[in-house]
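Here is the structure we will look at.
The values are calculated or read from the model by the stated rules, or taken from the named source; none is laboratory data. Just so it is clear, the structure is predicted and the values come from calculations on it, not from any experiment. As a convention, Cβ positions derive from the backbone with ideal geometry for all residues, glycine included, and neighbour counts pool all protein chains shown. The accessibility values were calculated without ligands, DNA or RNA, using every heavy atom of the protein model including side chains. Shrake-Rupley method; radii C 1.70, N 1.55, O 1.52, S 1.80 Å.
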Amino acid sequence: MRRPDGIQIGALVPLTRPGWVEAGRHLLAGLELAVRDVNDAGGIVGRPLELVVRDTAADPQRAAAAVDELDRLGVAALAGEYHSVVARAAAARADALGLPFLCSSAVLDALTEQPAEWVARLAPAQSHGWRIYADFLLEAGHRRIAVAADSSVYWASGVRVLRDYLAPRGGAVIELDMRALAPAAVCDELVHNRATALLLLVGYPEPAVSIVKSVRRDQRLAEIMMGAPAGQPEFAGWATSLGGDGAAIPFLRYLPDRLSPLGARVEAALRERLAEAPSFVAFEGYDTVAVLTEVLRSHGADRARAAGSWARVAVEGTRGQIQFSRTPGISVWQWAWPPVQVVDRDPAEPGRLRILHAG
């Protein structure tokens, strides 16, 4: 008996350097697990769901080319991507081609330059999550906050969110340009500027790891708090690289305080698949396929009808009920909002995460 033709979803994932490979591995694990669950339950109206994976390697041009290729292959929709600048290139191309794209993880507010009908997003916008992080800083008593910042649209956007939110509330953001400073020189700048907190708006593993080690070894900075709102400490490689030095560095993650029964089942399956605790990125991958499955069940592989249905989506995901809306200042259909937490690694047990603040 002939196997029914599958419905294909294109998946954009950073799987090689300079992409964040750990994040890509977790994102792909979530996507693949959800596809397996859909097919175990009979597929989409009897047709198997198939994932066509392309490695973006954190390269916007490579991602745009992958969108063109997947369009030619006839995929019903696009899923994935972790890096914001890469997702922006993919979103622009998908919108131009008329290819539905559900972005899993990228948070840059301006995911497209103009309002896009074909693009939706699961991750919270950067302005939403980073304001919650700024509230955490203020509640912890920090008013002079230094940021060690690399050059990119994403980091510049983060600095702007923090400055705009903190300034009216008595906070000051001191920007340290990492194009001009060596990690060791950051310490002198922190002392000179009397900063009480340092945020790592830089790439991982470098220069983030070197900055952390330099600050931890400087006795003048024994009381300074380091933070990483972009989530660099989320993955196990952070603890492997830094050990105890990587603890007590608060970061953002997008999980609820307690998982639903669906979330708990998925968490157990992801842990087995990854052989480690799944990050929030893996849950984002799973939820992406859950949403696209519901859209495809309702509208088949008709791209226009699928993209026209974002406003009517109502799917129980691993982290809550997922619905999309037009959110002020956001150019794509947005889930407003996933749960947001500020967490860190416990100094007494760096493999354990502590919830410090929820938004």
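The set of residues in region 77-87 that are buried (at least 23 other Cβ atoms within 10 Å of the Cβ) and closer than 17 Å to GLY24 by Cα comprises LEU78, ALA79, GLY80, GLU81, TYR82, HIS83, SER84, VAL86, ALA87. Taking region 231-268 as the range and being aliphatic (A, V, I, L, M) and touching a helix residue (DSSP H, G or I) at 6+ places or on another chain (Cβ under 7 Å) as the test, the residues that pass are ALA239, LEU242, ILE249, LEU252, LEU255, LEU259, VAL266. Within region 332-355, the residues that satisfy the criterion of being open to solvent by less than 30 Å² (accessible area, probe 1.4 Å), among the hydrophobic types (A, V, I, L, M, F, W, C) and part of a strand (DSSP E or B) are TRP335, VAL342, VAL343. Selection over region 304-324 of residues that are assigned to a helix (DSSP H, G or I) and either of a type in the set (Phe, Trp, Tyr) or open to solvent by less than 50 Å² (accessible area, probe 1.4 Å) (or both) gives a count of 3.
Find the strands (runs of 3 or more DSSP E) located wholly in region 177-291 whose residues include 3 or more that are charged (D, E, K, R), and list them. By residue number, no strands (runs of 3 or more DSSP E) qualify. Against the definition (farther than 28 Å from GLN219 by Cβ and without any contact (Cβ under 8 Å) to a residue 40 or more places away in the chain), how does PRO168 come out, yes or no? Spelling it out, PRO168 is indeed farther than 28 Å from GLN219 by Cβ and without any contact (Cβ under 8 Å) to a residue 40 or more places away in the chain.
Considering region 190-206, and only residues there that are under 16 Å from ALA172 (Cβ atoms) and small (Gly, Ala, Ser), the residue that is most open to solvent (accessible area, probe 1.4 Å) turns out to be ALA195. Filtered by the rule that a residue be surrounded by fewer than 17 Cβ atoms within 10 Å (Cβ to Cβ) and on the phi < 0 side of the Ramachandran plot, region 287-300 gives ARG297, SER298. In this structure, does ALA120 turn out to be open to solvent by less than 10 Å² (accessible area, probe 1.4 Å) and assigned to a strand (DSSP E or B)? The answer is yes for ALA120. Screening PRO60, PRO100 for residues that are out of contact with any Ser or Thr (no Cβ under 7 Å at 6 or more places or on another chain) and farther than 26 Å from PHE235 by Cβ leaves exactly one candidate, PRO100. Region 1-117 holds strands (runs of 3 or more DSSP E) entirely within its bounds, and those carrying 1 or more residues that are of a type in the set (A, V, I, L, M, F, W, C) and under 16 Å from the mean Cα position of the chain (by Cα) map to 7-13, 77-80, 101-103. Of the residues contained in region 124-145, one or more are found to be out of contact with any His (no Cβ under 8 Å at 6 or more places or on another chain), modelled with pLDDT of 95 or more and in a strand (DSSP E or B). Residues in region 146-180 that are at pLDDT below 95 and among the hydroxyl-bearing types (Ser, Thr, Tyr) were compared, and the one that is most open to solvent (accessible area, probe 1.4 Å) is SER151.
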